[in-house]
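Each remark here refers to the structure printed beneath this line.
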Amino acid sequence: MLYDTIIIGGGPAGVAAAVYAGRKRLKTLLIAEEFGGQSIVSDDIQNWIGEPHISGFDLAQKMEGHARAYPDTVEVKTERVSLVRESGADFEVKTEQGGAYAAKTVIVAAGARRRKLGVPGEDAFNGKGVAYCSTCDAPLFGGKRVAVVGGGNAGLEAVRDLLPYASEVWLMERTDTLRGDAITRDEIKSNSKFRGFIFNADIKEITGDGFVTGVRYTDAATGETKERAVEGVFIEIGSVPNSEMVKGLVALDRYGQVIIDSKHGATSRPGIFAAGDVTDDPYKQNNISAGDAVKALLAAYAYLLRRDRVSADGDH
């Protein structure tokens, strides 16, 4: 079977693209390992338009339900994509489960995964004091002591996001210098709730009892083991785009993000579009990912109309 489009990903971008594909009555295959994207671990999402409060689990269920609301046109497979490649004038999408599917267009909405510290307690307390998105989760830490890990712009901006809510905020950096912008550094330093920078902090463990209670680290300068009592840890050391399946097929930036035309979500390869956290769009937000995916799907639809007209006219 040759699909009009294959959509890769079950987060806000993938589902939004699938919904509009269904509305355009395109023969569509949505391939997703799971629904919900990175937000599935959040207990309380407060920035999804139309839902003042919703858990990541509930949002994922709603997304899956909406994606499956067009059974005549949108087929859903729960698989992990391993490779996208050209196949004549079309594309072939292969999965780790052995699937091989052909389509005229592909929309890459595979998202990203947060770069992790890889220390004990990080996974155990994910969603229970450990967080990776200050824009999403800062309001959940009202009146709490919080540590932000990461001295780049993401870390500094996370501190800024937290200051209106938390009772005190510390920033922990594994080197002896900050990499973020000086203007943001000076802004947060002037806030009385910002308690200071902890440099040379080699994080060893996130501790807790049901929820986070502290961070244990080694001072790289002295070798001394220390612990900071906090009730929240925001890990802001970057993310890794899930772009491996299109490496060598479309242009990626130095971070591995798919480079797109922000007007249409088009990539360097005609017929392949992308949206969401897998792309070089600087704003990694659920609502933005969904909106950008709608643009990408509509651009793919326009591409299909042009392609079919060219084929029908015999004008190559």
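With helices as the sole contributors, the chain gives -7500 deg cm²/dmol at 222 nm; each DSSP H run of n ≥ 4 counts as -39500 (n - 2.57), and the sum is divided by every residue. My understanding is that a pair violates if its Cα-Cα distance is over 20 Å; which of K116/K284; K204/K284; K116/K204 do that in this structure? Distance filter (> 20 Å) returns K204/K284. With each label modelled as a point 7 angstrom along the Cα→C-beta vector, the R307-L2 pair spans 0.9 nm.
Restricting the GluC sites (Glu not before Pro) of the range 181-280 to loop positions (DSSP other than H, G, I, E, B) with no more than 10 neighbouring Cβ atoms within 10 Å leaves E224. Charging the Cβ of each Asp and Glu at -1 and of each Lys and Arg at +1, and nothing else, the dipole of the chain about its Cα centre rounds to 400 debye.
Looking at the chain, identify the longest residue range that excludes and avoids all chymotrypsin sites (Phe, Trp or Tyr not before Pro) in DSSP loops having at most 15 other Cβ atoms within 10 Å. Longest stretch, sites excluded: 1-254. Between Y283 and A100, the simple spin-label model (points 7 angstrom out along Cα→Cβ) gives 4.2 nm. Straightening the chain between E224 and K247 buys 4.0 nm, computed as 0.36 nm per residue apart minus the Cα-Cα spacing. Pull out a ≥ b ≥ c, the square roots of the eigenvalues of the alpha-carbon gyration tensor of the range 121-172, then state rounded if a/c is under 1.5, prolate if not and a/b is larger than b/c, and oblate in the remaining case. Because a/c hits 1.5 or more and a/b fails to exceed b/c, the range 121-172 counts as oblate. Tell me which aspartates and glutamates have Cα within less than 16 Å of K295's Cα, excluding those fewer than 8 residues away on the same chain? Within reach: D261, D277, D280, D281.
As a proxy for reagent exposure, K295, K193 were ordered by neighbouring Cβ count within 10 angstrom, fewest first; the result is K193, K295. As a rough footprinting exposure proxy, the listed residues D202, D253 were ranked by other beta carbons within 10 Å of their own, and the order from fewest upward is D253, D202.
As a ratio to 2.2 N^0.38 Å, the alpha-carbon radius of gyration computed for the range 116-235 takes the value 0.96.
If both residues of a DSSP beta bridge must be in the chain, then about 45% of such bridges are antiparallel. Within the set K189/K226; K27/K94; K62/K128, which residue pairs have Cα atoms separated by over 21 Å? In this structure, K189/K226; K62/K128 exceed 21 Å between Cα atoms.
Between A182 and V240, take the C-beta separation as r, use R0 = 22 Å, and let me know the FRET efficiency to the nearest 0.05.
Rounded to the nearest 0.05, the efficiency is 0.20.
Find the relative contact order for the chain and round it to a whole percent, using C-alpha pairs within less than 8 Å whose residues are 6+ positions apart. With pairs under 8 Å counted, the relative contact order is 19 percent. Checking every one of the trypsin sites (Lys or Arg not before Pro) in the range 245-281 against DSSP loop status and a limit of 16 other Cβ atoms within 10 Å picks out R254, K263.
With everything on Cα atoms, drop me the angle between helix 12-23 and the longest principal axis of the chain, reported from 0 to 90° to the nearest 10. Compared with the principal axis, the helix lies near 20 degrees.
Going from the fewest other Cβ atoms within 10 Å to the most, the residues V246, V19, V240, V148 appear in the order V240, V19, V246, V148. Among V148, I188, C133, pick out the residue whose Cα is farthest towards the positive end of the charge dipole of the range 116-235, where Lys and Arg carry +1 and Asp and Glu carry -1 on C-beta, about the Cα centre. Positive-end residue among those listed: I188. Projecting the Cα atoms of I288, Y101, A300 onto the charge dipole of the chain, computed from C-beta unit charges around the Cα centre, puts A300 farthest toward the positive end. Helix 153-162 and the longest principal axis of the C-alpha atoms of the chain enclose an angle of approximately 70°.
A short reminder: the numbers here are calculations on the coordinates, not readings from a lab. Note that the coordinates shown come from a computational prediction; the quantities given were computed from them, not determined experimentally. Cβ coordinates were reconstructed from backbone atoms using ideal geometry, including for glycine residues, and neighbour counts include every protein chain displayed.
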